[in-house]
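Engineer: Could you have a look at this structure, given as structure tokens, before my questions?
The values are calculated or read from the model by the stated rules, or taken from the named source; none is laboratory data. What you see is a predicted model, and the numbers here were worked out from it, not measured in a lab. No Cβ is skipped: glycine too gets one built from the backbone with ideal geometry, and neighbour counts run over all protein chains shown. Remember, those area values only see protein heavy atoms, side chains included, never the ligands or the DNA or RNA. Shrake-Rupley method; radii C 1.70, N 1.55, O 1.52, S 1.80 Å.
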Amino acid sequence: MLVIWFLVLVTASAGAHAGRLSDSSWRGADRDLAPGSLLARLDRLVNVCVANYEDLTTDLLLGIAIANAQLRSILQQPLQEAERQFVASLAKKCDFVESRIESIFSFPSGANAVVSKLLINSEFWRVDEDYRADGASSEGVLDLAHWKRRRRRRSQPALGDPKVMMKTYLQAIDVGGPSERQSDECLSELLVSESENEYNASSSSDNFKNSSSSSGPSRKRLIMSRECSAAMSLRKRSYGYHLTHKLLFYIVLGRQGFANVGRSVVVDAQRRLCEAILRESELIAGFDFPELFRDLFMEQMFLCAYSHAAVPEFADPAWLATTIGWQNGEGCFKFYGDDGGDGVEGTNALTTHCSTHMTGVGAALMALFAKLQLQ
């Protein structure tokens, strides 16, 4: 009961000081958040991946594959020749990095291996614009004047003891499901039909193109296990990474185009999940983005901005300016408790300067917001 009460107060308590920018900072953010600036930052990140090709992890590769999909969409937009050449060059680097997955899993059999190899494919992450018609418009996504007015309206006095609220949130983020194992297994149920015992590399790209399209008949119907139906139920409360993993499941579900799953069901599920995620994101912002929660916050922001949830708060430029400010001089994102930790020198730039999951999410986030502004 304490957890539920606590999250009801989140929106009111976090808004007072979450991610504020002064007038001069808003003008600076306008430059820093421009598509060219975001893509230049992404280029620095991808260069680290290219230089450490043999040490790449699946978390990082997934982020690069998603970023690559956004770059391919950008190339479909009107661009100046110099801009087009830069984006095309960056996409080729991402192709090279993405190809690493082919040698990581030779014969995947476990759920994690299957999911990793199927999702680390930029074709899968190309956004279906038909879903955008349901309300997730990108127009004015980083209109700073609009967001300054919106934040002023949302600001309210803080309620409750911040220390108590933080303690309660730390308890809440371990509540619910799906677990990491369940997440992998349930994604595998979406991605691999019962007749497939192993990943079929020769047909994966064609399968993605066919199944992610909202036009034309679906190739198959969704059949889920009882465990996955229960784990992904919207009636069961989830928090933290459990909640974002549930959202990822519904994003992938929407991409698959099953004949017995209506588009409105998927869109509504994503909206409801992002409304719950927003309460947590505003709380983290209200705590001034503690380092412990930065990876989670970036994952929340990316997934809800990418999804068809039509929850515009995740396009807040103050939040984006804050998150990209966590990129370090090497081009990576890193939090204190990951890998070597506390600045301890590692064996290479990837382990020394990068939290691989956080860096992968950072790549996807920067590419997505560059694309949204250019649409």
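Engineer: Using θ = phi - 60° and the Karplus relation 6.51 cos²θ - 1.76 cosθ + 1.60, list the HN-Hα couplings for the range 235-249 in order, rounded to whole Hz, with x at every Gly or Pro.
Structural biologist: Couplings: 6, 8, 6, 9, 9, x, 5, 4, 6, 5, 5, 5, 5, 4, 4 Hz.
Engineer: From Cα pairs below 8 angstrom and at least 6 apart in sequence, can you work out the relative contact order of the range 231-375, rounded to a whole percent?
Structural biologist: Dividing the mean separation by the residue count of the range 231-375 yields 20 percent.
Engineer: Per-residue accessible area for residue 161 at 1.4 Å probe radius, Å² rounded to 10?
Structural biologist: Looks like 80 Å² after rounding.
Engineer: What does the charge add up to near residue 247, with Lys and Arg as +1, Asp and Glu as -1, over the other residues with Cβ less than 10 Å from its Cβ?
Structural biologist: Around residue 247, the charge tally is +1.
Engineer: Then there is this: If you average the C-alpha positions of the range 293-312 and of the range 40-109 separately, how far apart do those two centres end up, in angstrom?
Structural biologist: So the separation of the two Cα centres works out to 21 Å.
Engineer: A further question on this structure: Return the subset of 167/371; 167/334; 167/236; 246/334 for which the Cα-Cα distance in this structure is over 26 Å, preserving the input order.
Structural biologist: Distance filter (> 26 Å) returns 167/371.
Engineer: I'd like to compare 317-323, 223-229: which one has the highest average count of other Cβ atoms within 10 Å, and what's the full order after that?
Structural biologist: 317-323, 223-229
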